[in-house]
1. Just to be sure I understand the model, the point goes 7 Å from the Cα along the line to the Cβ. What's the resulting residue 23 to residue 127 distance in nm?
2. Just want the ordering: 108, 56, 69, from fewest to most Cβ atoms lying within 10 Å of their own Cβ.
3. Working out 0.36 nm times the residue gap between residue 113 and residue 58, then minus their Cα-Cα distance, what length gain in nm do you get to one decimal?
4. Less than 12 Å from a label point 7 Å out along the Cα-to-Cβ axis of residue 98: which backbone N atoms in region 47-77 qualify, by residue?
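Values quoted throughout were computed directly from the atomic coordinates according to the rules given, and no laboratory measurement underlies them. Source: prediction; values computed, not measured. Positions of Cβ are backbone-derived with ideal geometry, glycine not excepted, and every protein chain shown enters the neighbour counts.
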Amino acid sequence: MENIEGGSEAHLELLKASSPKGTFWDHVGGEVTEFGPDRVAAALKIEAHHLNMLGILHGGVHAALLDSIMGLMAMAVRPLEAVVTTNLNLHYLSSVRKGTVTVSAEVIHQSRRMVTTQGYVHAEDGTLCAYGTGTFRVLESSAGGGNPGTKAAEDSGGPDASRP
């Protein structure tokens, strides 16, 4: 988490608390490069295990990057509450085979219980590879505190639970 730019100390502490070793994000290999209430960004160096059988970055990697970074964006604007994905909509525009992709996100709407974000995946040369929107439900507060991994996220069934 070195070299993280932007964001307050509270945001950086939130990021550290929500990024334990051994998580899916850690497995994917992305590195958060910016974290704050206006923008979240990350980079991923493309490795062989990120490619599909056509030799291009797997669509699931795009989806994982966008969902993760848009989720972090929702967390950045709601640091004391847990959020889970309720909707993820992606558009794939251009393939990429090598190098580093960057992914960024920003909030486009908030209500009391929902945060809607948009995110972009760019190749090293600036080509837009994919973009999407994500909607995140703000979970009810509980004694366990805010961020995913707390009692509130567990009570909801977490991000993989069926949605009401």
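1. Roughly 3.1 nm, to one decimal.
2. Taking fewest neighbouring Cβ atoms as first place, the list is 108, 56, 69.
3. Values: separation 55, 0.36 × 55 = 19.80 nm, distance 3.21 nm.
Gain on extension, residue 113 to residue 58, equals 16.6 nm.
4. Counting only backbone N, you get 47-48.
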